[in-house]
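The values are calculated or read from the model by the stated rules, or taken from the named source; none is laboratory data. None of the values given here were measured: they were computed from a predicted structure. Because the Cβ atoms are built from the backbone with ideal geometry, glycine has one as well, and the counts that use them run over all protein chains shown.
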Amino acid sequence: MFFEERIELERSTLIGAGILGMAVLYGLSWIYHNYIKRTHD
């Protein structure tokens, strides 16, 4: 709600952008942990 007052977009657009952002972050972290991970031994 804090950003809704400052950004002139509809509520459903903001929710969709948030879900898309979370999906992108999840995908990037999954790729990192599967392909670029380092062992801490």
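Every test in (1) modelled with pLDDT under 80; (2) surrounded by 10 or more Cβ atoms within 10 Å (Cβ to Cβ) is passed by TYR32 save one, and that test is (1).
Cβ separations smaller than 7 Å between residues 6+ apart or across chains give the following pairs from region 8-24 residues that are without any contact (Cβ under 8 Å) to a residue 12 or more places away in the chain to residues that are of a type in the set (A, V, I, L, M, F, W, C) and in a helix (DSSP H, G or I): LEU14/PHE3.
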